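**Q** First the structure, then my questions, so here it is.
Taken together, the values in this text are just the output of simple stated rules run on the coordinates, not laboratory data. Treat the numbers as computed from the prediction; the structure is a model and nothing was measured. All Cβ positions, even for glycine, are placed from backbone atoms using ideal geometry, and neighbour counts span all protein chains on display.
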Amino acid sequence: PNTVYHFLVRANGTPGSPSSPNAGPVTIATYASPAKPTNVVAFPITNNSATISWDDNSTNELGFRIGYGSDGANYNFINVPAQSGQGRRSWNLTGLNQKTDYFVIVQVLGPGNNNLDSDRIRFITCPN
């Protein structure tokens, strides 16, 4: 993790022919994955909103995405900015439908597109 590798790539043709004029260095970087969010909770819950809270267990995340939907398979995502350090985080989901089942995941966004999902939770919004 967190290692950069440097290579020189050169294409060769038939013996005696010059190498490709497009030869050049290639850099490949590896990144440590952030730790996945844990202890995801929806509370308080109203007829049209819910506050989603979770434990941020990483120090190298680029941010979070909260995925929510009513079928447990298709999610609408909201981007949540990263905050420095670890700790308890929360976000208020608004514009929800009353008396509706919702499934939620919290996704940590890591460098190099190393993203991890929390365990999925379920809640029901209140009646009007």
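**Q** Please report the net charge: other residues with Cβ closer than 14 Å to the Cβ of residue 110, K and R +1, D and E -1.
**A** After counting each charged neighbour, the total is -1.
**Q** If amide H atoms are built 1.01 Å from N in the plane of the peptide, which residues on other chains or at least 5 residues away come under 5 Å of the amide H of residue 72?
**A** 103
**Q** Then there's this: Given a Förster distance of 22 Å, report the FRET efficiency between residue 33 and residue 76 from their Cβ-Cβ distance, rounded to the nearest 0.05.
**A** 0.35
**Q** If you don't mind, another one. Which value, in Å to one decimal place, does the Kirkwood hydrodynamic radius take for segment 58-128 when every pair of different Cα atoms is included?
**A** Taking every pair of different Cα atoms in segment 58-128, averaging 1/r and inverting gives 13.1 Å.
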